[in-house]
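A.B. asks: So that we are looking at the same thing, I have put the structure below in C-alpha cells.
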Amino acid sequence: MTRVLLVHDASLLRAALAERIAREPDLDVFHTVWSRAAALARTLRPDIYAVDLDSTDTYGIAPLGELPVREPCAKRGGARCDGGALLVLTAANRPGPLRRAVEAHALGYVDTAGTPEQLITAIRQVARGERFIDESLGFGFLRAAQMPLTQRELSVLTLAAEGATIADIARRLHLSNGTVRNYMAAITRKTGARNRVDAIRISQGEGWL
C-alpha cells in the first residue's frame, strides 16, 4: 500500500482528487491544505507527496522546503535518502513554480490540465522510484531553465508583488533592509525593468511568479 499525502489549497478540487485516488486499492490517500501539510507529514510519514504548487497562505509560494522530501543521497551512491518522494501539480505556463520544484528534488511532474488517471499513473511510477514528467510540460522546463532570477530573488519579488514594503520583505525572509534593496536592484537589472513595478509586471507576464 502506497501512502499519499495530497496537498492543495482549493478544497473542492482537493476533495474530488482524493476521492478518486481513494478508489485505487493500492493507494492510501490523505489530504490537507498547505498551512497544515508539514505537521501532517511528520505524523503520517507518507511515501508520496502529491502537491499543487500554488499556496494561498504563503504569498503564492508553495513551502516545499517544509516537507521532509526524499533527496539524492551521495553516500548511497546516488540512491535516495529517507523521506517521501515529491510529485508536483503544475502548468507549462508557470516556469517559476516549475523551477522551484526541480530545486526541491521533485521526482514527478503532472500537468494541472491533465486527468485524475494521469495523476494516479504518476503516483505509481514515482512510488517505484521512477521519474514521471508530463510531455506537455516540456516547454515549461525549457522556460524554467532560461529564467534569470534566483530562488531568493523570486521570493523577494513575490512578496513585493503582494504589496509588501522593503521592511516587510526583510522581516518575512529574515534579511536586512539593505540586502532586500540589493536583491530588488538585481531583479530590476536582470529583468530589464525600469523599476520595481515594471519588474513585477514582466515577471508575472513570463509566469515566473
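The values are calculated or read from the model by the stated rules, or taken from the named source; none is laboratory data. What you are looking at is a predicted structure, and each value in this text was computed from that prediction instead of being measured. Ideal geometry is used to build each Cβ from the backbone, glycine not excepted, and the neighbour counts take in all protein chains shown. Remember, those area values only see protein heavy atoms, side chains included, never the ligands or the DNA or RNA. Shrake-Rupley method; radii C 1.70, N 1.55, O 1.52, S 1.80 Å.
A.B. asks: Provide a single number: the residues in segment 5-41 that are among the charged types (D, E, K, R), open to solvent by 40 Å² or more (accessible area, probe 1.4 Å) and at pLDDT 95 or above.
C.D. replies: 5
A.B. asks: Using the structure shown, decide if V156 is within 24 Å of R45 (Cα to Cα) and surrounded by 21 or more Cβ atoms within 10 Å (Cβ to Cβ).
C.D. replies: Judged against the criteria, V156 is not a match.
A.B. asks: Hey, among the residues in segment 94-136 that are over 18 Å from the mean Cα position of the chain (by Cα) and free of Cβ contacts under 8 Å to residues at least 40 places away in the same chain, which one's least open to solvent (accessible area, probe 1.4 Å)?
C.D. replies: Q125
A.B. asks: Please go through (1) of a type outside the set (V, I, T); (2) at pLDDT 90 or above; (3) open to solvent by less than 20 Å² (accessible area, probe 1.4 Å); (4) assigned to a helix (DSSP H, G or I) for L89 and return the number of the only condition it doesn't satisfy.
C.D. replies: That leaves (4) as the condition not met.
A.B. asks: Further question on the same structure: With the checklist (1) part of a loop (DSSP other than H, G, I, E, B); (2) under 19 Å from L6 (Cβ atoms); (3) out of contact with any Asp or Glu (no Cβ under 9 Å at 6 or more places or on another chain) in hand, flag the one item E130 doesn't pass.
C.D. replies: Among (1) part of a loop (DSSP other than H, G, I, E, B); (2) under 19 Å from L6 (Cβ atoms); (3) out of contact with any Asp or Glu (no Cβ under 9 Å at 6 or more places or on another chain), E130 violates only (2).
A.B. asks: Quick check on A145: is it at pLDDT below 95 and open to solvent by less than 10 Å² (accessible area, probe 1.4 Å)?
C.D. replies: For A145, the condition - at pLDDT below 95 and open to solvent by less than 10 Å² (accessible area, probe 1.4 Å) - is not met.
A.B. asks: Going by the conditions given, is S203 over 16 Å from the mean Cα position of the chain (by Cα), open to solvent by less than 50 Å² (accessible area, probe 1.4 Å) and of a type in the set (S, T, Y)?
C.D. replies: yes
A.B. asks: Within segment 42-53, restricting attention to residues that are surrounded by 15 or more Cβ atoms within 10 Å (Cβ to Cβ) and assigned to a loop (DSSP other than H, G, I, E, B), which residue is modelled with the lowest pLDDT?
C.D. replies: L53
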